[in-house]
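Report on the structure given below.
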Amino acid sequence: MKTNPTSMIRRSALVLLASATAALLTNCNKGDKAGGGSGDTMRVGFAQAGAESAWRRAETESVKAEAEKRGIDLRFTDAQGKQDKQIAAVRDYIAQGLDGIILAPIVETGWDEVLGEARDAGIPVVLVDRGVSVKDESLYATLIASDFVSEGKMAGEWLVKKSGGSAKIIELEGTPGAAPAIDRKKGFDAVIAGESGMEILASQSGDFNIEKGKEVMEALLAQHADAVTAVYAHNDDMALGAIQALEAAGKKPGTEVTVISIDGGKAALGALVEGKLNCVVECLPLLGPNAFDALEKIKAGEKLEKWQKVDDQLFDAENTTKDFVDKRPY
Ligand code: AHR
């Protein structure tokens, strides 16, 4: 049979077109599947509380880096300390039909409705670092966080021992309504309640950030500079702000005034080695691997513990070296 060269070219072009269309459709289907939450690429939304502290920035980095490592398609929102913004972010992730949501709740209350919407949509919510107070615990899959009450107790017990049970304390609290602010106070108060020589002169929020911590400390020093012997700050940043305020007021942090913080970031541990800070209770921010492990286990049908506790330790001059601080990753 004689072949017509023009029709051969036409036929080859048609074959090429058909395979290109098939490839395109396959890729589109893959994309659709991921969008519907059942494909290979896991799509996850991270509704972060803000960027108020070095701790939180380290947590954000941990989640982003782990998502990249695992090839997870991560959507990120920084709620800038505003709960309405964070709720809107969760709603947006629900509307996108993602495979999972990681939420670091700014405050404990006000989550029932939006978490109910996520559950109705079949999207698991993994809480990281801070817990919520909800009527029904099945509204979230799991909480991965430190025990903040125990952190407060560790700080209180260290101070009682160090001061021989006698201290006049300024307390810098975290963001009002936030789980770590509530629980770190609870734990500390429980310890000093049984100690007649331990007195809290003043207790005020510094909103977990360095500038506010400094500002509040300056104001409180105006009233209590002569009496204060210790500062208990609910996080590193506020402690570092308080150290600046103490120095500006002519006081020697670390010797004249004992300073205690919670978190254990490089800057605070550096101040500890320098002798300006005396005790740091650790709170680990590197929660990215745990959060994605949880989502992958949920996807595989595993039931998770409601609270996966993160272990923390205590740092003071006796167990902290410059070499250790230099190697600290955050
Ligand atoms: O929820 C954890 C706390 O929030 C950290 O102690 C603090 O630094 C952060 O802002």
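The values are calculated or read from the model by the stated rules, or taken from the named source; none is laboratory data. Quick caveat, the model's predicted, so the values are computed rather than measured. Here Cβ is always computed from backbone atoms with ideal geometry, including for glycine, and neighbour counts include all displayed protein chains. The area values use the complete protein model at the heavy-atom level, side chains included, leaving out ligands, DNA and RNA. Shrake-Rupley method; radii C 1.70, N 1.55, O 1.52, S 1.80 Å.
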Discussion item. Restricting to the stretch 140-187, count the residues that are open to solvent by less than 30 Å² (accessible area, probe 1.4 Å) and over 30 Å from I123 (Cα atoms).
Written reply: 15
Discussion item. Condition check: assigned by TED's automatic domain parsing to the domain that holds I298, more than 16 Å from the ligand (Cβ to nearest atom) and open to solvent by less than 50 Å² (accessible area, probe 1.4 Å). Does V125 satisfy that?
Written reply: yes
Fill in: Subset of the stretch 39-81 that is open to solvent by 40 Å² or more (accessible area, probe 1.4 Å), within 14 Å of the ligand (Cβ to nearest atom) and not in a helix (DSSP H, G or I) - its residue that is nearest to D112 (Cα to Cα)
G81
Discussion item. Which of the numbered conditions does G275 fail, given that it passes all the others? Conditions: (1) open to solvent by less than 60 Å² (accessible area, probe 1.4 Å); (2) within 20 Å of A65 (Cα to Cα); (3) away from the ligand (no atom under 16 Å from the Cβ).
Written reply: (2)
Discussion item. Would you confirm, using the coordinates I've provided, whether D207 is charged (D, E, K, R), within 16 Å of the ligand (Cβ to nearest atom) and in a loop (DSSP other than H, G, I, E, B)?
Written reply: yes
Discussion item. What's the total number of residues in the stretch 247-261 that are hydrophobic (A, V, I, L, M, F, W, C) and farther than 16 Å from I200 by Cβ?
Written reply: 2
Discussion item. Of everything in the stretch 210-264, what is within 15 Å of the ligand (Cβ to nearest atom), among the charged types (D, E, K, R) and open to solvent by less than 60 Å² (accessible area, probe 1.4 Å)? Give them in sequence order.
Written reply: D236, D237, D263
